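The values are calculated or read from the model by the stated rules, or taken from the named source; none is laboratory data. Predicted, not measured: the structure shown is a model, and the values here were computed from it. Don't worry about glycine lacking a Cβ; one is built from the backbone with ideal geometry, like all the others, and counts go over all protein chains shown. For accessibility, only protein heavy atoms count, side chains too; no ligands or nucleic acids. Shrake-Rupley method; radii C 1.70, N 1.55, O 1.52, S 1.80 Å.
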Amino acid sequence: MSALEIAAAVRSGERSALDVVEEHLTLIEARDPGLNAYNLVTAEGARAQAAAIDAAVSAGEPVGRFAGVPLATKDNMCTRGIPTTCSSRILEGWRPPYDATVVTRLREAGAVSVGKTNLDEFAMGSSTEHSAFGPTRNPHDPSRVPGGSSGGTAASVAAGFTPLGIGSDTGGSIRQPAAFCGVVGMKPTYGVVSRYGLVALASSLDQVGPFAANVADAAALFDVIAGHDPLDSTSIRDFEPTAQAVLEAGVDGLRVGVVKELAGGSGGVPGLAADVLARTAEAVEALAAAGAVVDEVSVPSSTLGLSAYYLVMPAEASSNLARYDGIRYGLRVDGATTAEMTTATRTAGFGTEVKRRIMLGTYALSAGYCDAFYGKALKVRTMMLEDFARVYERFDVLVTPTTPTTAFELGARTQDPLTMYVNDVCTIPSNLTGHPAISVPFGVGDDGMPVGVQVLAPASHDAQTFRVAAVLEAAA
Amino acid sequence: MRTLTSLTPTPNAKSPVSLRAVVERITRDEVVHVARLARLDLADDEIDQFTQQLGAILEHAADVEALEVADVEPTSHPLPLRNVVRADEVSESLERDEVMACAPDVQDGQFRVPPVLGERT
């Protein structure tokens, strides 16, 4: 059953929310030991919330749009009184004193969070292998990664543990695992979904977004979590989420651009696999068959995205992660002075990938190098914004692969960070520009693993990505 | 007016990473220095590993480093940020006890830390 079907059945009294939740908890208990999608299953809280929803339905009181629908919550979203680890030893045992806005909104909508899902530590990674609590595995093939960093949420939705999931996307951390796991994942326009209570990685890139098994559920989830939040100073005012309203609109006459640099040609981004490119080309053909006007388009600066991102993201991360000093929350390892205590705490609490990015960011911001690296990366962002603004004068949406390849084997890329970073090459531009983008499943690769196709749109045109995704879903 | 040519990296920017170039990118001493700034205590093998890996990542970023972009304004954020203020009204705030309960060491409602003065920096 889809999320919307479950909610309708619960609202009408046809199904009990408690039964629905119990069914999903049983599945998690049986199958999650082999996948490790969850850092924590909050069974008791989920049962209590479901029982309250059933009581409200019996009493004829209003219940929310997602009444009784099980939800996976990425473990970098603050949940009051419930451990929030970011899959890091440095936050093990921390119970936040407040809820993230997205957590509050979804609870008010009746969605029942069944637990906190695994991620690459502090969302730094593309495989969910960099977790202090062990890797998550891909439900389609447990020898392969689910992608990352929202790999636990993607695996939960793909395995049928929950119809809905919440993730965060700094360089592709929703879209890439969605593609690897064969589900729908979407990164909204920066500022459309509140970041209040999302543990910060890179504040100018981070965005919270929806996961679902189908486009209609993802659109409904987006419409619930989008909207202004006074607790987030970067939240856009007056944004009206309309994703659900455009799902039937079709693409007749829509101008679709195929980004040349991400289509496998010479002079473009290297390393895009033939099977992924073939599925993407078929997706574009499907849009043309549905009436879209398709043309190839060049976005020259997109080839610089990866380099710019791996300067901006670590720079912001090194600054954001300075807060883990052993003083106000989380781990403390004793030392004779505060400086020694902080150093001992960070050294023991952070994993290797986090240390690597803190080092990279600290270096990129240090005296003598800041202008050459961080300063120039910020200029690449301007060039990208200008490039995309020019392209969007002629096109409504752009289509690219979501990832260069299908899901790879566990351990295949952990030794060389650059081979891991290259995973993000198609998803990064949307984070640097703040634009919305969705990944929708479109067939499988030569290895039988899911392939994701990405649809990009200009800022605040989030609904367009769902509109196109609905057509692709129907054609896949 | 910026032209498309300014988008083109120098011809050798994406050439295969030579060991020599990597060694020149970042030295072991710099890694030790940066680790101290970041309050991380790296083991010897970690210093070697990071020297090599950070060098390779910075080499990859040579395409950005090589750009001639003096006339391009930087973008630090996707939105034009303005300071946001709210009405000066009393509203709910976090529970003090709940916040302090998260801390590793508390005394008299305050965070307690080891000595700060006299420490080596």
Here, A:S58 and A:E296, labelled 7 Å along Cα→Cβ, have an inter-label distance in nm of 6.5
Quick calc of log₁₀ I(q)/I(0), the stretch A:175-333, Debye, one scatterer on every Cα, no solvent, q values 0.16 1/Å, result -1.24
Eigenvalues of the alpha-carbon gyration tensor of chain A, times 5 and square-rooted, give semi-axes in Å, largest first, of 31, 30, 20
Expressed as a whole-number percentage, the relative contact order of chain A with C-alpha contacts under 8 angstrom and at least six residues apart is 17
Heavy-atom accessible area with a 1.4 angstrom probe orders A:Y392, A:Y98, most exposed first, as A:Y98, A:Y392
With a Förster distance of 56 angstrom and the Cβ-Cβ distance between B:Q110 and A:S266, calculated FRET efficiency to the nearest 0.05 equals 0.35
Listed by chain and number, the aspartates and glutamates with an alpha carbon less than 15 angstrom from that of A:K379, same-chain partners under 8 positions apart left out, are A:D371, A:D387, B:D63, B:E65, B:E68, B:D71, B:E73
For the stretch A:188-203, in residue order, the Karplus 3J(HN,Hα) values (coefficients 6.51, -1.76, 1.60; θ = phi - 60°; whole Hz; Gly and Pro = x) are x, 3, 4, x, 7, 10, 4, 9, 4, x, 7, 5, 6, 9, 10, 5
One finds, for A:D252 and A:V444 with R0 = 25 angstrom and r their Cβ-Cβ distance, a FRET efficiency to the nearest 0.05 of 0.35
Beyond 32 Å (Cα-Cα) in this structure, taken from A:K116/A:K355; A:K260/A:K376; A:K116/A:K376; A:K260/A:K355; A:K74/A:K355, we find A:K116/A:K376; A:K260/A:K355
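With contacts defined as alpha carbon pairs under 8 Å and 6 or more residues apart, what's the relative contact order of the stretch A:19-79 in percent?
This gives 45 percent for the stretch A:19-79.
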Counting only backbone N atoms under 11 Å from a point 7 Å out along Cα-to-Cβ of A:L27, the residues of the stretch A:3-17 in range are A:3
For the stretch A:206-300, the convex hull over Cα atoms projects on average to an area in nm² of 8.6
Mean Cβ-within-10 Å packing, highest first, puts peptides B:67-80, A:43-56 in the order A:43-56, B:67-80
HN-Hα couplings for the stretch A:209-225 via Karplus (6.51, -1.76, 1.60; θ = phi - 60°), in whole Hz with x for Gly/Pro, come out as x, x, 10, 7, 7, 8, 5, 5, 5, 5, 5, 5, 5, 4, 4, 6, 8
